[in-house]
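As structure tokens, the structure follows; a few thoughts come after it.
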């Protein structure tokens, strides 16, 4: 119980910084909540007055004043309720807006290892389901909790003012209700956490399946996928039913306690009215306050569950918001010289976090001189892409040193390091935006430069065939484009960046022979003076390099030009002869 209280306390302390900038609106909404609660309590006194002074008044006495009094309270309640509902919902939206921005800002700072333990689907589930839950709690549940808290306190006060004897009966039900909450609350909270995890698993599965839908459909996996998803949602259903069953039992017990208390009040109250020690108006008001009190206490059963769910959701979201990035610049980073070369790897060892005992790179030492073009060849999984990951600081080596222009990359600001590198990944990445936005990725350049670059990578025929031109949308992940067109956009992005170092990971894998020949002309013109490191399987590409590095099982086993390597390096010769390095 103390742990739950600590979580709730932490939750409220984390929420307040997002509401503090809007403290004026918060104050107005708080006043509206207090006023609505006070008016509801005053309705009981209005009811007592209406019954005693109106219904039991002598013949000919007008009931208009009592009726108008009640009507005034109802109108005031409606106006205050509008201010309350609008104010708290606005604050809920503002809270979610601020938290969502902070979470995404921190996620964008994380390195790839962070997402090895937290899938994209789980992250999206937290950004969707958990944020929706928090918005409901901040904009609805918390104000209702405050309102009910005021009505519980005010209700008890008016109960004792009206009849101490009857009030004691109501008091007896309070510990019983809190006992039910104490027994069922933790169980419902734990079950809610399980349901949230099941929601995340379902979201993760759908996101993964839709991302690879073409491949899955090509292997006729629709039925198998549906069956797997049915299993996931059946598990979700079973866990949700279990949670709802516990909540229903708790609610039923509370209603039973409340109704038994109300029946007892009616019985004793009726006897007091018969004896003349209690007026009919007093009994009516007492029953009104008893029902208000019972309703408020019953609402706390749901409110408690919602707050516990919100605390768990907030814990997950605040973890995403507060998780420290793996890369943090030094207090005084070293300025990066220009050009950012030579690039030197000295006895570098890399093992990925999930497999710390299985190094993917072992004792890598190499030097890339300024303006040098170097190719990496080797079997799949030999560690070529991992070299790119290290140079971009997506991962950190277990040992060894990497320097640019004599400066260890750990001493450089991450932004400066990555500004000096143009990267073309093996899997072409496109955003759901325009062709122009995908080519530039926020690089500022003129339309003339864009058109020139598009012409350079042979995108112009495709662009002019669409009336939108550079403004044409490419669809989610470039859905409207072919693999070759995606790769050309990635190449144009690297050209426009005009960085000192160019990293190319299988840049021609989706290009036809003519397009590859054009790419080779880009290497010898646009990137003539750049330091280029390229992972390639095509002979036409590697033959043009100043140097070829052969990698096997995370080690550089040989280095040289094509003809020399073919003569002396068995692995390179096998790669060429078996067409893993494909002739064009």
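The values are calculated or read from the model by the stated rules, or taken from the named source; none is laboratory data. Just so it is clear, the structure is predicted and the values come from calculations on it, not from any experiment. Glycine gets a Cβ as well: all are built from the backbone with ideal geometry, and neighbour counts include every protein chain shown.
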Query - Residue among 219, 229 that is more than 30 Å from residue 36 (Cβ to Cβ), under 35 Å from the mean Cα position of the chain (by Cα) and at pLDDT 85 or above - result: 229
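Rundown of residues vs (1) within 21 Å of residue 303 (Cα to Cα); (2) under 42 Å from the mean Cα position of the chain (by Cα); (3) surrounded by fewer than 18 Cβ atoms within 10 Å (Cβ to Cβ); (4) touching a residue at least 60 places away in the same chain (Cβ under 8 Å), yes/no style:
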site	(1), (2), (3), (4)
112	no, yes, yes, yes
122	no, yes, no, yes
147	yes, yes, no, yes
151	yes, yes, no, yes
154	yes, yes, no, yes
158	no, no, no, yes
Query raised in the report: With respect to the numbered conditions (1) part of a loop (DSSP other than H, G, I, E, B); (2) without any contact (Cβ under 8 Å) to a residue 60 or more places away in the chain; (3) more than 36 Å from the chain's Cα centre (by Cα), which one is the sole condition not fulfilled by residue 367?
Result: (1)
Query raised in the report: Within the bounds of segment 354-362, is there any residue that is in the same structural domain as residue 503 (by TED's automatic domain parsing), assigned to a strand (DSSP E or B) and surrounded by 19 or more Cβ atoms within 10 Å (Cβ to Cβ)?
Result: yes
Report summary line: Going through (1) under 32 Å from the mean Cα position of the chain (by Cα); (2) in a loop (DSSP other than H, G, I, E, B); (3) buried (at least 16 other Cβ atoms within 10 Å of the Cβ) one by one, residue 386 fails only at (2)
Query - Number of the exception - residue 171 against (1) over 37 Å from the mean Cα position of the chain (by Cα); (2) modelled with pLDDT of 85 or more; (3) surrounded by fewer than 16 Cβ atoms within 10 Å (Cβ to Cβ) - result: (2)
Query raised in the report: So residue 321 fits all but one of (1) closer than 30 Å to residue 140 by Cα; (2) out of contact with any helix residue (DSSP H, G or I) (no Cβ under 6 Å at 6 or more places or on another chain); (3) at pLDDT 90 or above; what number is the exception?
Result: (2)
Report summary line: In segment 475-508, anything touching a strand residue (DSSP E or B) at 6+ places or on another chain (Cβ under 9 Å) and over 22 Å from residue 392 (Cα atoms) is listed as 480
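Might you check whether a residue that is closer than 22 Å to residue 37 by Cβ and either crowded, with 17+ Cβ neighbours inside 10 Å or not assigned by TED's automatic domain parsing to the domain that holds residue 276 (or both) occurs anywhere in segment 175-185?
yes
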Query raised in the report: Here is a list of conditions, (1) touching a helix residue (DSSP H, G or I) at 6+ places or on another chain (Cβ under 7 Å); (2) within 19 Å of residue 303 (Cβ to Cβ); (3) free of Cβ contacts under 8 Å to residues at least 40 places away in the same chain, and residue 244 meets all of them except one; can you say which number that is?
Result: (1)
